[in-house]
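Step one of this worksheet: look at the structure below.
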Amino acid sequence: MERESLGTLLAMTGMFIYGLEPVVIKSNPSNPISFAAFSALTASLILWGSLIWSGDWREIRGNPRDLRKAFFVGLFGTALAYLAYSFGARMSTAINAALITRSEVLFSFFLSWLFLGERITRRLVVYSLFILTGLAFVITQGRSLELHLGDFLLLLVPLFWQLGHVIAKRLSYGPITIAALRNTFGFLLLFPLAAATSLELSRFVIAEGMIIALGQIVWYKSIKLINLSKATAIITPAPAVAIGIGVLLGESFTLYHAIGFLLITLGTLGAVKVKSELRT
C-alpha cells in the first residue's frame with residue numbers, strides 16, 4: 001500500500017481505538033494517578049512481550065543513544081500530560097477538559113512546522129477548524145463555557161502530548177519499541193506519585209493497557225509514514241467516537257449531535273485527502 005494511504009489508514013484506526021478510551025477511564029473507580037501508572041505498566045508488559053518474541057528489542061542495544069530521547073517521550077507524553085490532565089480536570093469541568101485538549105491539533109501545526117519542517121496547508125487548517133467546531137457542537141450541546149483555573153493546566157496537556165510526538169517522530173526505533181519505552185518510563189515516573197497518594201489496582205487497567213498498547217503502535221507507525229500535523233488532525237475526532245458509542249447504547253441524540261458529527265465527518269474526510277509535505 002502507498003506510504004501516504006497506509007499512514008492515513010493507521011491514523012483513522014487510531015481515532016477509533018482512542019475513542020474507546022474515555023469509556024474505560026470513566027468506568028475506573030480507583031485513584032486516577034494509580035490507574036495511569038498501572039495502565040502504563042500493563043501496556044509496557046504487553047509491548048515488551050511483543051519485542052522479546054520478535055527479537056526487535058535488539059534495536060535498543062544497537063542504538064542506545066536514543067534511550068535518552070525515549071525518556072522524554074515518556075516524561076512529556078505520559079507522565080506530565082496525565083498529571084496536568086488529572087489535576088486540571090478536577091479544577092475545571094468535563095466539557096472544558098474535552099474541548100481544551102482537542103486544541104492539540106493547533107499545537108501540532110506550530111511544533112510540526114517549527115521542529116519537523118512540515119508544510120501546514122490552508123486546506124488542512126480549514127478542515128481542522130471544521131473538526132474543532134463540530135466537536136464544540138457535540139460536547140457543549142449549546143451551553144456556554146466557563147473558564148476555570150484548571151483550564152490553564154488542561155492547556156498544557158496537548159502541548160505535552162505534541163512535544164512527546166515530535167521527539168518520537170525523530171527516534172530511530174520502531175513503533176513498538178517507542179511505545180514500550182514510553183510506557184516503561186511513564187510508569188517509573190508516575191509510580192512514586194501514585195504510591196504517595198493511594199495505590200489502587202483496578203481491573204480496568206487491563207482494558208486501558210490494551211488500548212494504550214494497540215493505540216500507540218498504530219499511532220507511531222502512522223506518524224512515521226505521514227506528517228504529524230495531518231495524523232493529529234485525523235485523530236482529533238476521537239472523543240466523538242466515544243459519544244457515538246454512547247448514542248448507540250441508548251443515550252439521547254440531539255440536533256447538536258447531528259450538526260457536530262456532520263462537521264466532524266466533513267473535516268476528517270477533507271484532512272485525509274491532504275498530502276503530507278515538507279516546507280521547501
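If the condition is being among the hydroxyl-bearing types (Ser, Thr, Tyr) and either in contact with a Cys (Cβ under 9 Å, 6 or more places away or on another chain) or at pLDDT 95 or above (or both), then segment 179-214 contributes only Thr184. The lone criterion from (1) open to solvent by less than 40 Å² (accessible area, probe 1.4 Å); (2) in a helix (DSSP H, G or I); (3) closer than 22 Å to Ala195 by Cα left unmet by Leu10 is number (3). Going by the conditions given, is Leu145 at pLDDT below 95, open to solvent by 20 Å² or more (accessible area, probe 1.4 Å) and hydrophobic (A, V, I, L, M, F, W, C)? So Leu145 fits the description; yes. The set of residues from segment 136-152 being part of a helix (DSSP H, G or I) and either touching a Phe, Trp or Tyr at 6+ places or on another chain (Cβ under 6 Å) or among the aromatic types (Phe, Trp, Tyr) (or both) comprises Phe137, Phe152. In segment 13-41, the residue that is modelled with the lowest pLDDT out of those that are among the aliphatic types (A, V, I, L, M) and open to solvent by 60 Å² or more (accessible area, probe 1.4 Å) is Val23.
Of the candidates Ala179, Ala195, Ala168, the single residue that is in a helix (DSSP H, G or I) and open to solvent by 30 Å² or more (accessible area, probe 1.4 Å) is Ala195.
Among the residues of segment 106-124, those identified as assigned to a helix (DSSP H, G or I) and open to solvent by 50 Å² or more (accessible area, probe 1.4 Å) are Leu106, Phe107, Phe110, Trp113, Leu114, Phe115, Arg122, Arg123. Evaluate the following for Val218: is it open to solvent by less than 40 Å² (accessible area, probe 1.4 Å), modelled with pLDDT of 90 or more and in a helix (DSSP H, G or I)? Judged against the criteria, Val218 is a match.
The values are calculated or read from the model by the stated rules, or taken from the named source; none is laboratory data. Only a predicted model underlies this, so the values are computations on that prediction, with no experimental measurement involved. Please note: Cβ atoms are built from the backbone with ideal geometry, for glycine as well, and neighbour counts cover all protein chains shown. Each accessible area value is taken on the protein alone, full model and side chains, heavy atoms only, with ligands, DNA and RNA left out. Shrake-Rupley method; radii C 1.70, N 1.55, O 1.52, S 1.80 Å.
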